[in-house]
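One structure is given below, encoded as structure tokens.
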Amino acid sequence: MSRNDDKVEVENVNVPGHVTRVDRAKYTAMRKALLRVMPRGAPGISAKQAKAKALPLLPDDLFPNGEKSGWWLKTVQLDLEAKKLLRRAPTKPLTFYRP
């Protein structure tokens, strides 16, 4: 794997046009887990619920004891919203779902 292959570009729905490069393996693992636990259709689930459901699906070598999983969940959630693969419902607390 070359140096360019170990990173992936992510977007942020709150900052259109801004792109950040992050670790591909961690991004991919969290993306797969998040999409697996996210329900289709509103109202969806909260970020706290998503984290609780996704945590057991994450590889321990990338997220030992769930380390940094909250940061990665938020990064992936914002990227998936920017890519329109996730939506947020106008609830309090915010909930997210797959369209």
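The values are calculated or read from the model by the stated rules, or taken from the named source; none is laboratory data. Quick caveat: nothing in here was measured; it's all calculated off a predicted structure. Note: ideal-geometry Cβ built from the backbone for every residue, glycine included; neighbour counts use all protein chains shown. To get the accessible areas, we keep the full protein, side chains included, count just its heavy atoms, and leave off ligands, DNA and RNA. Shrake-Rupley method; radii C 1.70, N 1.55, O 1.52, S 1.80 Å.
Quick one: pull the percent of accessible area on the chain belonging to carbon and sulfur, 1.4 Å probe, ligands and nucleic acids left out. Carbon and sulfur: 53 percent of the exposed surface of the chain.
Specify, per residue and in Å³, the volume enclosed by the convex hull of the alpha carbon atoms belonging to the chain. Could the numbers behind the result be given before it?
Details: hull volume 9.5 nm³, N = 99.
Enclosed volume per residue, from the Cα hull, is 96 Å³.
When only Cα pairs below 8 angstrom with a gap of at least 6 residues are kept, the chain shows a relative contact order of 33 percent.
Have a look at Ser69, Leu94, Ala50 and report the one farthest towards the positive end of the charge dipole of the chain, computed about the Cα centre with Cβ charges (Lys/Arg +1, Asp/Glu -1). Most positive-ward Cα: Leu94.
Within the range 60-99, list the trypsin sites (Lys or Arg not before Pro) lying in a DSSP loop whose Cβ has at most 15 other Cβ atoms in a 10 Å radius.
Values: sites: Lys68, Lys74, Lys83, Lys84, Arg87, Arg88; in loops: Lys68, Lys83, Lys84.
Answer in residue order: Lys68, Lys83, Lys84.
Note on Asp5 and Lys92: the model spin-label points, each 7 Å out from Cα along the C-beta direction, lie 4.9 nm apart. Accessible surface comparison of Leu94, Leu86, probe 1.4 Å, protein chains only, largest first: the order is Leu94, Leu86.
Per residue, how many Å² of accessible area does the range 30-99 show with a 1.4 Å probe? Each step should come with its number before you reach the end.
On the way: 4170 Å² over 70 residues.
Ligands and nucleic acids excluded, the result is 60 Å² per residue.
Per-residue ellipticity at 222 nm, computed for the chain from helices alone with -39500 (n - 2.57) per DSSP H run of at least four residues, works out to -11500 deg cm²/dmol.
For the chain, the longest principal axis of the Cα atoms and the long axis of helix 69-82 meet at an angle of about 70 degrees.
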